[in-house]
Amino acid sequence: MDKDLPSIKKWVVLYPVYINSKKTVAEGRRIALEKACENPTCAEIGDCCSHFKVPFAIEIDKAYPRDFFQRGRVRVLLKKEDGTPYNPAIATRKQLMLRVAELVPRHPGRTKKQEPASTSTAGPSKSGKHGKKKR
């Protein structure tokens with residue numbers, strides 16, 4: 001870690017649940033459903049932070065308190081020691097969540113994962129009721 005960066009404990013915490021469109025507000029989502037993205041990962045959030053040129057650290061061993069099966073979180077340093085933001089477009093935690101949520105669906109790893117599922121053609125499927133025939 002660089003010597004000019006403050007302790008990581010002072011950094012903003014960003015859990016993937018905060019921007020997950022599959023979660024409700026009660027389950028931890030913090031932005032509007034229309035602006036949220038589907039099932040983001042810590043790696044995708046970290047890539048977005050590096051794109052915005054904001055210092056970040058991924059903590060894989062940490063869990064979200066409301067859902068401890070949701071593993072990982074990202075710590076982000078939004079402001080320098082003098083109070084100026086690293087990225088002038090992202091000054092607050094809310095702006096960071098909104099910008100990351102709009103960038104995650106265009107992540108290169110995400111588009112490659114979804115392509116093969118849509119191009120697979122598995123023959124015609126049978127339709128109708130399947131049960132015991134009446135006589």
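Cross-link check: pairs LYS35/LYS80; LYS22/LYS79; LYS22/LYS80; LYS10/LYS62 evaluated at a Cα-Cα cut-off of 25 Å; pairs beyond the cut-off: LYS35/LYS80; LYS22/LYS79; LYS22/LYS80. Bridgeable aspartates and glutamates around LYS9 (alpha carbons under 19 Å apart, same-chain partners fewer than 8 residues away excluded): GLU59, ASP61, GLU81, ASP82.
Every number here is computed from the coordinates shown, using simple stated rules; none is lab data. Values in this document were obtained by computation on a predicted structure and should not be read as measured data.
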